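What follows is a single structure, written as structure tokens, with notes after it.
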Amino acid sequence: MSLDLPLTRNVRPDRSPTDLIAYEANGGYQGMKAAIGKLSPPDCLQIIKDSNLRGRGGAGFPTGMKWSFVPMDEAAAAGHKYLICNADEMEPGTFKDRLLLECDPHQLIEGMICAAFTIQADVAYIFIRAEYHLAAKLLREAIAACYDKGYLGKDILGSGYHLDMQVHSSAGRYICGEETALISSLEGKRANPRAKPPFPQVSGLWGRPTIVNNVETLCNIHHIIERGADWFQALGLTEDAGTKLYGVSGRVKNPGCWELPIGTTVREIIEHHAGGMADGYQMRGFLPGGGSTDFLTNDHLDLAMDYGTIGKAGSRMGTGTMIILDDKTCPVGFVKNLMEFFARESCGFCTPCRDGLPWSAQVLDDIENGRGTPEDMDTLARQVEFIGAIGNTHCALAPGAMEPLQSAMRYFREDFQRHIDGSACPFCDGGAP
Amino acid sequence: MWTGERMSELIPVIDEGEIALSAAEIAEIDAEIAHVPYRAAVAIDALKIVQAHRGWVSDESLRAIARHLHMSAAELDGIATFYNLIFRQPVGDKVILLCNSISCWIKGCDSLQLAISKQLGVGLGGTTADNRFTLLPVTCLGACDKAPVLMVGEDLHEDVDTQTLRALFQGEGGGV
């Protein structure tokens, strides 16, 4: 039996983009026609709620519930409401949204039209990282084609519903992927995250009701509306619904990104799809879903990759794109690279993040380069406790940065100890990384 | 990756030399202003537009943009210096964005950087003497299955090795 893989059905082996004609020939824009032509916004919201779709950007928040906080009264309808697609893919080790953007831009646009219709947004933005030049160009062309066809603009398909859509190409910085930082950036400001409440659903872009969703999340919407919540639920192998883009990078035989039923086991993804470890390498651990998730180890290979199971194991599914730690790569150097990344990408607003992360990076640099002391482990433990606590900072960047560190200290403590005892990195020639 | 010395170079020098934005720059910026509630909201777009025309954003350009957007130069500089792809000092004809995030690190981006630096004669943040290239680090480029990766201008290069570098930077520096 072949798998039902809705998100990648238009993805070709050579990754050439699917244009409007090819997209419609393969059943495209039927979900949009069903939503706008036959259903009401509350109908659509109910379908998405019933589907149990959870946000694919990393946090896994139920999409229907997120949308349900958007005010739908007449007062709200009197002004603008916004839908924003978060295409600011920058989480270390994450390369799934690029695939969807470059191979099937119309899928995202159709999903966005359905999402915008559900919350009755009149303006939609695709906030895309500056480096995704090809994706931005393809999206602009696809949006223009939709305006020509009457799928965007005034009175879509004679329904009386209006929606404008545009692409906003960013200017760098990882923090723009945090939804309130993204809103600040879209308003032309420094991308500082905002304290919540108020939540963006009530007061977001320009102080108006705003929904921010990840690319992969939005790509699911019209499929669910067209084929139903039960169909979507049945795609998942565990309590979570739908399919998921899973990726594997690091020293495996066949690194890549695949759409699979959500709940596929870690072992199947790494050993079957990624071909297992490259010759001469053994796996020691992995980050399940990007740079800000906790390490898991060989003991966790038979876990289902879903939100609940990975969460219970002490990590997060995050973006679903795994990074493999092999036996020839230094765990301390690995965590140091991540910590230097997060220190560099801190927006600088909250003190624990701005001053704490460079401190953690410095301690890790000392240990990696043979200058570590036994007290450094206590310092790192205190940093994990303080910086990792949710609520000490506006956003989750700093707590996320602590996740790989705290789990590395748990699973690879002997490696830290060997650096300190031997005053050198046991993985590097002459101690140089 | 700014060092202390480089940081001091970024502090704007106040002088009396003012410039005007070109008609093309103003037209592009005004097209963006049409979509937003107030002029300063297009600050990042305006910086990108002027940078596209002039290669970088000088103090004079910054003040000209600020005047056009009815905001203070200080506020605009706070925005410009926040974003790593707004250049407040001159860059080469093409910017090399070298990914040094985790998957590329595992696959050897550090030695790749050493090889590039050796071939071009520049470190991170440096511009080659012939002004063709500027080398900068960048956050994960979202092509981790093809690590290590880098961008030269708008082009992504995957599975980069010394052979790739030789082809990309032929005729530069002493060679690898």
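Brief remarks on what is shown
- Dividing the convex hull volume of the alpha-carbon atoms in segment A:79-137 by its residue count gives 89 Å³ per residue.
- Our analysis of chain B gives Rg over Rh at 1.02, with the two radii drawn from alpha carbon positions and Rh computed by the Kirkwood formula.
- Computed over chain A with a Gaussian network model linking Cα atoms closer than 10 Å, the most mobile of A:21, A:224, A:270 is A:21.
- Over all Cα atoms in the protein assembly as shown, the spread is summed up by Rg and Dmax: 24.0, 74 Å.
- Of the trypsin sites (Lys or Arg not before Pro) found in segment B:43-148, the ones in coil according to DSSP and having at most 16 other Cβ atoms within 10 Å of their Cβ are B:132.
- All Cα pairs of segment A:331-431, percent lying beyond 17 Å: 45 percent
- Distance between the C-alpha centres of segment A:342-387 and segment B:76-105: 24 Å, rounded to the whole angstrom.
- Helix A:41-51 vs. chain A, principal-axis angle (Cα, 0 to 90°, nearest 10): 40 degrees
- Here residue A:96 is the anchor, and the lysines within straight C-alpha reach of less than 22 Å, apart from those fewer than 8 places off in the same chain, are A:137, A:244, A:253, B:107, B:146.
- Helix axis angle, A:105-119 relative to chain A longest principal axis, alpha carbon, degrees: 70 degrees
- Which of A:267, A:413 has the fewest Cβ neighbours within 10 Å, and the rest in rising order: A:413, A:267
- Under a Gaussian network description of chain A, with springs only between Cα atoms under 10 Å, the residue in A:296, A:157, A:205 that fluctuates furthest is A:157.
- Once the mean of 1/r is taken over each pair of separate Cα atoms and inverted, segment A:243-326 shows a Kirkwood hydrodynamic radius of 12.1 Å.
- Taking 7 Å steps out from each Cα toward its Cβ at residue A:140 and residue B:93 produces label points 2.3 nm apart.
- Degrees between helix A:397-411 axis and first principal axis of chain A (Cα, 0 to 90, nearest 10): 40 degrees
- The protein assembly as shown: calculated mean residue ellipticity at 222 nm from DSSP helix runs of at least 4, using -39500 (n - 2.57): -12000 deg cm²/dmol
- Pairs of Cα atoms nearer than 8 Å and 6+ residues apart set the relative contact order; for chain A it is 16 percent.
- Taking 19 Å as the cut-off, the amide N atoms of segment A:313-347 that come nearer than this to a point 7 Å along the Cα-to-beta-carbon line of residue A:417 belong to A:330-333.
- Relative contact order computed over chain B (Cα-Cα under 8 Å; 6+ residues apart), in percent: 19 percent
- From phi via Karplus (6.51, -1.76, 1.60), per-residue ³J(HN,Hα) for segment B:23-34 in Hz, x at Gly/Pro: 4, 5, 4, 4, 4, 5, 5, 5, 4, 6, 4, 4
- Whole-Hz couplings from phi, Karplus 6.51/-1.76/1.60, listed for segment A:131-144; x for Gly and Pro: 6, 8, 4, 5, 4, 5, 5, 5, 5, 4, 5, 5, 5, 4
- Pairs of alpha carbons in segment B:94-168 separated by more than 18 Å make up 29% of all such pairs.
- The distance separating the Cα centre of segment A:83-106 from that of segment A:123-174 comes to 14 Å.
- Selection of GluC sites (Glu not before Pro), segment B:18-57, meeting DSSP coil and at most 10 other Cβ within 10 Å: B:18
- Most mobile listed residue (A:78, A:22, A:195) in chain A, GNM with C-alpha springs under 10 Å: A:78
- Computed E for residue A:410/residue A:72 - FRET, C-beta separation, R0 51 angstrom, nearest 0.05: 0.65
- Phi-derived couplings, Karplus 6.51 cos²θ - 1.76 cosθ + 1.60 at θ = phi - 60°, listed residue by residue for segment A:300-314: 10, 5, 8, 6, 6, 7, 9, 4, x, 5, 5, x, 5, 7, x Hz, with x used for Gly and Pro.
- Normalised by 2.2 N^0.38 Å, where N is the number of residues, the alpha-carbon radius of gyration of segment A:1-152 equals 1.06.
- Value of relative contact order over segment A:6-235, rounded to a whole percent, pairs C-alpha under 8 Å and six or more apart: 31 percent
Here, each number is a calculation from the coordinates, and none is a lab measurement. Source: prediction; values computed, not measured. Because the Cβ atoms are built from the backbone with ideal geometry, glycine has one as well, and the counts that use them run over all protein chains shown.
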